[in-house]
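Everything on this sheet refers to the single structure shown next.
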Amino acid sequence: MTTLTCFALEEEATPFRKIAATRTSVSILIVGIGRQNAEKSVQRFLAANSPELVFTCGFAGGLNSELKLGDVVFEAADYPPPSPVLPLLTQLQAAGAKPATFHCADRIATTVAEKQALRAETGADAVEMESAAIHSVCRERGLACVTVRVISDPANEDLPLDFNALAKPDHSLDFGKLAWTVAKSPGKIGALLALQRKTRLAANRLTAVLARVIFP
């Protein structure tokens with residue numbers, strides 16, 4: 001089965017890219033942050049390629065307090081049989097992933113208070129910024145699509161910086177703003193290094209699950 005795996009950031013995809021490098025049946029697409037970037041990227045890819053299955057992957061913020069750092073969570077739309085999604089859901093659980101509901105947001109939820117508000121408003125278990133757009137594109141084309149994400153910042157943790165304020169108009173990180181912010185607040189360096197370690201752990205956990213499902 002030919003498979004497209006979508007990630008917002010290269011950092012999310014790096015461990016998976018290493019194990020998928022020789023697999024011609026699997027494509028990796030870095031779509032960028034946010035709905036608009038994801039929609040455009042996937043539409044361009046599908047204009048020239050015809051995968052049978054699409055995964056929207058990467059990091060997610062926890063909204064459900066029961067989800068911990070490194071927990072892999074998934075969600076799929078309802079597809080009638082003989083959809084390839086149905087057996088995948090069983091395989092995902094066997095690989096250690098948990099079923100969950102996602103909220104696709106327009107900004108990064110950076111504080112515990114924001115996450116609590118989103119949980120109360122939406123009832124979702126996790127928050128990310130691309131999957132709704134990718135599912136919409138796939139639905140229009142009759143393609144099966146599954147969200148598989150990993151918790152990189154749990155519900156009870158603030159991010160060390162407001163990354164929304166450090167973003168360019170296209171949602172990518174403005175490294176100049178980041179450097180200036182860190183220079184003004186050097187005490188944040190330790191927290192940023194800790195976040196880097198957590199995201200590496202999360203990316204590896206996600207890859208372990210994806211590998212068991214895509215390369216059984």
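Inside the range 7-111, counting only strands (runs of 3 or more DSSP E) that do not spill past its ends, which hold 3 or more residues that are among the aliphatic types (A, V, I, L, M) and under 16 Å from Ala208 (Cβ atoms)?
It comes to none.
Looking at Lys198, is it in contact with a strand residue (DSSP E or B) (Cβ under 7 Å, 6 or more places away or on another chain), in a helix (DSSP H, G or I) and of a type in the set (Lys, Arg)?
For Lys198, the condition - in contact with a strand residue (DSSP E or B) (Cβ under 7 Å, 6 or more places away or on another chain), in a helix (DSSP H, G or I) and of a type in the set (Lys, Arg) - is met.
Taking the range 83-103 as the region of interest, how many residues are surrounded by fewer than 14 Cβ atoms within 10 Å (Cβ to Cβ) and among the hydroxyl-bearing types (Ser, Thr, Tyr)?
Of the residues in that region, 1 qualify.
Looking at (1) surrounded by fewer than 22 Cβ atoms within 10 Å (Cβ to Cβ); (2) at pLDDT 95 or above; (3) over 19 Å from Ala203 (Cα atoms); (4) not polar (S, T, N, Q), find the lone condition where Leu69 falls short.
Failed condition: (3).
Output the residues belonging to the range 1-58 that are surrounded by fewer than 21 Cβ atoms within 10 Å (Cβ to Cβ) and in contact with a Lys or Arg (Cβ under 7 Å, 6 or more places away or on another chain).
Ile28, Leu46
Of all residues in the range 131-158, which are more than 21 Å from Ala48 (Cα to Cα) and either of a type in the set (Asp, Glu) or more than 13 Å from the chain's Cα centre (by Cα) (or both)?
Asp153, Pro154, Ala155, Asn156, Glu157, Asp158
Out of the range 130-148, which residues are among the hydrophobic types (A, V, I, L, M, F, W, C) and out of contact with any helix residue (DSSP H, G or I) (no Cβ under 7 Å at 6 or more places or on another chain)? Quick ask: steps written out before the conclusion?
First pass over the range 130-148, keeping only residues among the hydrophobic types (A, V, I, L, M, F, W, C): 132-134, 137-138, 143-146, 148.
Residues satisfying the conditions are Cys138, Leu143.
Give me a count of the residues in the range 141-195 that are assigned to a strand (DSSP E or B), out of contact with any Ser or Thr (no Cβ under 6 Å at 6 or more places or on another chain) and of a type in the set (Gly, Ala, Ser).
The initial filter retains those residues of the range 141-195 that are assigned to a strand (DSSP E or B), namely 144-153, 167, 173.
With out of contact with any Ser or Thr (no Cβ under 6 Å at 6 or more places or on another chain) added as a condition, the list becomes 145-146, 148-151, 153, 167, 173.
So of that shortlist, the ones also of a type in the set (Gly, Ala, Ser) come out as 167.
Within the range 141-195, residues that are assigned to a strand (DSSP E or B), out of contact with any Ser or Thr (no Cβ under 6 Å at 6 or more places or on another chain) and of a type in the set (Gly, Ala, Ser) number 1.
Which number in (1) buried (at least 22 other Cβ atoms within 10 Å of the Cβ); (2) farther than 17 Å from Ala8 by Cβ marks the one condition that His135 misses?
(2)
Report yes if some residue within the range 179-187 is out of contact with any Leu (no Cβ under 6 Å at 6 or more places or on another chain), among the aliphatic types (A, V, I, L, M) and surrounded by 15 or more Cβ atoms within 10 Å (Cβ to Cβ); otherwise report no. First the steps, then the outcome.
Taking the range 179-187 first, the residues out of contact with any Leu (no Cβ under 6 Å at 6 or more places or on another chain) are 179-187.
From what is left, the residues that are among the aliphatic types (A, V, I, L, M) are 179, 182-183.
Filter once more, keeping what is surrounded by 15 or more Cβ atoms within 10 Å (Cβ to Cβ): 182.
Taking every residue of the range 179-187 in turn, at least one turns out to be out of contact with any Leu (no Cβ under 6 Å at 6 or more places or on another chain), among the aliphatic types (A, V, I, L, M) and surrounded by 15 or more Cβ atoms within 10 Å (Cβ to Cβ).
For the range 138-177: of the residues being surrounded by fewer than 20 Cβ atoms within 10 Å (Cβ to Cβ) and polar (S, T, N, Q), which is nearest to Leu46 (Cα to Cα)?
Ser172
Write out, first by first residue and then by second, each pair whose Cβ atoms fall under 7 Å of each other, whose residues are 6+ apart or on separate chains, and whose first residue, in the range 165-183, is without any contact (Cβ under 8 Å) to a residue 24 or more places away in the chain and closer than 18 Å to Asp106 by Cβ while the second is charged (D, E, K, R) and not in a loop (DSSP other than H, G, I, E, B).
Leu166/Lys177
Which residue pairs have Cβ atoms closer than 7 Å, lie 6 or more positions apart in sequence or on different chains, and pair a first residue in the range 194-216 that is surrounded by fewer than 21 Cβ atoms within 10 Å (Cβ to Cβ) with a second residue that is part of a helix (DSSP H, G or I) and charged (D, E, K, R)?
Cβ pairs passing all conditions: Thr199/Glu11.
The values are calculated or read from the model by the stated rules, or taken from the named source; none is laboratory data. Bear in mind that the values here come from a model prediction, so they are computed numbers and not experimental data. For neighbour counting, all protein chains shown are included, and Cβ atoms are generated from backbone atoms with ideal geometry for every residue, glycine included.
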